[in-house]
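K.L.:
Sharing a structure with you now.
The values are calculated or read from the model by the stated rules, or taken from the named source; none is laboratory data. Remember, predicted model here, so these are calculated numbers, not experimental data. Here the Cβ is made from the backbone with ideal geometry for all residues, glycine too, and neighbour counts use every protein chain on show. Remember, those area values only see protein heavy atoms, side chains included, never the ligands or the DNA or RNA. Shrake-Rupley method; radii C 1.70, N 1.55, O 1.52, S 1.80 Å.
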Amino acid sequence: MGNTTSCCVSSSPKLRRNAHSRLESYRPEAELSREDTGCNLQHISDRENIDDLNMEFNPSDHPRASTIFLSKSQTDVREKRKSLYINHHPPGQLRRKYSSCSTIFLDDSTVSQPNLKYTIKCVALAIYYHIKNRDTDGRMLLDIFDENLHPLSKSEVPPDYDKHDPEQKQIYRFVRTLFSAAQLTAECAIVTLVYLERLLTYAEIDICPANWKRIVLGAILLASKVWDDQAVWNVDYCQILKDITVEDMNELERQFLELLQFNINVPSSVYAKYYFDLRSLAEANNLSFPLEPLSRDRAYKLEAISRLCEDKYKDFRKAAKKRFTLFMRKQQIRCLEEETKKRSRGRKINKNCAIFYYTVLMKGNGSMKKN
């Protein structure tokens, strides 16, 4: 998914590898085969080992693990539904639209092209539940993310800055400002959430009122460089956040990468899981994506896409049939060669080979005669 390089990955100290690391220690061997010498190196996504024991601790790495934000939102969703049921209130003022024979409602958000506005709203809601339902076991607060030590503005930080949880609208405005100014895409928002949860898992920290802005900023900074080929530079973020320095941005990116253990790979299966979990989160919180009636132009486009896919499927079937026919012809030639050798040596013909030769070759001749 995009480039996997960054400008701040060199000359960094080695980080202690914990149980979540996927790198194994080096073991020298006496002799190395051709496969071990690098001739048949696997891609990083092919070297992922899905460990059932560590799956729940690495939801940003494994497609079958449940996302953290969705599990943290379940408590509030159940309480909200219970309160609505007790007070006999409707679940919301939004009326859900259903398709009929004359009208079909569709939204413009897909896994390959998500809706930017509503994706940012869902990501902000996921961050809100992370902060609200964070663990209170006294996890450490890293200095690089502390807004009191590294403020994003010159205005004085209030003394109780770490006591009050931000509202969802405040998180949304902060994320929307960065995405709008840097012209980032909706896919980058999903990757931002993946990196945020990976940071919380690898570094064993929690996102709280004191550090949420700098954690989100670091995740957006890294996601934009990994996803977009023409990434936004660190100095460009200094134009958006006027009071932050380039040195601070560089240090934030460097330590963020170290805490991720330089694991910036996002498999397509993990990306799809986060997309659909965000949709589930939106539906549970009455934040449905906008539905519009299927217009004639869009229907023509969908029909054209379906025809294109159907033509590709037909071409694929023809190519597979051609390969199968070629394979069967090779088997016929092999059986004929074996039969000729055995006859020349005065031996009996193999019964299985004779049956295969008779069934395949005779049927092939029959089909050829019909044609």
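K.L.:
Considering only residues of the stretch 99-134 that are over 18 Å from TYR274 (Cα atoms) and of a type in the set (Ser, Thr, Tyr), which is modelled with the highest pLDDT?
P.N.:
Taking the candidates together, the pick is THR103.
K.L.:
Would you point out which residue out of GLU197, GLU147 is buried (at least 20 other Cβ atoms within 10 Å of the Cβ), of a type in the set (Asp, Glu) and touching a helix residue (DSSP H, G or I) at 6+ places or on another chain (Cβ under 7 Å)?
P.N.:
Values: GLU147 fails: buried (at least 20 other Cβ atoms within 10 Å of the Cβ).
After applying the criteria, what remains is GLU197.
K.L.:
Now for a separate question. Being over 12 Å from TRP212 (Cα atoms) and outside any loop (DSSP other than H, G, I, E, B) is the filter here, so list the residues in the stretch 138-167 that pass it.
P.N.:
ASP143, the sole residue that qualifies.
K.L.:
Among the helices (runs of 4 or more DSSP H) confined wholly to the stretch 232-311, which include 3 or more residues that are small (Gly, Ala, Ser) and assigned by the TED database to the domain that holds PHE145? Please lay out each step first, then the result.
P.N.:
On the way: elements: 234-240, 246-259, 268-284.
Fully inside the stretch 232-311 and qualifying: 268-284.
K.L.:
In addition: Select from the stretch 118-137 the residues that are in a loop (DSSP other than H, G, I, E, B) and crowded, with 22+ Cβ neighbours inside 10 Å and list them in ascending order.
P.N.:
Applying the first criterion (in a loop (DSSP other than H, G, I, E, B)) to the stretch 118-137 yields 133-137.
Across the stretch 118-137, there are no qualifying residues.
K.L.:
Please state which one of ASP165, ASP160 is open to solvent by 10 Å² or more (accessible area, probe 1.4 Å), touching a helix residue (DSSP H, G or I) at 6+ places or on another chain (Cβ under 7 Å) and among the acidic types (Asp, Glu).
P.N.:
That would be ASP165, the only listed residue that is open to solvent by 10 Å² or more (accessible area, probe 1.4 Å), touching a helix residue (DSSP H, G or I) at 6+ places or on another chain (Cβ under 7 Å) and among the acidic types (Asp, Glu).
K.L.:
While we're here: Take the stretch 201-212 and flag every residue that is surrounded by 22 or more Cβ atoms within 10 Å (Cβ to Cβ) and assigned to a helix (DSSP H, G or I).
P.N.:
Within the stretch 201-212, TRP212 is the sole residue that qualifies.
K.L.:
Do you know which of the residues in the stretch 224-273 that are β-branched (Val, Ile, Thr) and under 20 Å from ASP143 (Cα atoms) is most open to solvent (accessible area, probe 1.4 Å)? Break it down into steps so the answer makes sense when it comes.
P.N.:
Our first condition is that a residue be β-branched (Val, Ile, Thr); within the stretch 224-273, this holds for 226, 232, 235, 240, 244-246, 264, 266, 270.
With the extra rule that they be under 20 Å from ASP143 (Cα atoms), the set shrinks to 244-246.
Working: ILE244: 11, THR245: 70, VAL246: 51 Å².
Among them, the one singled out is THR245.
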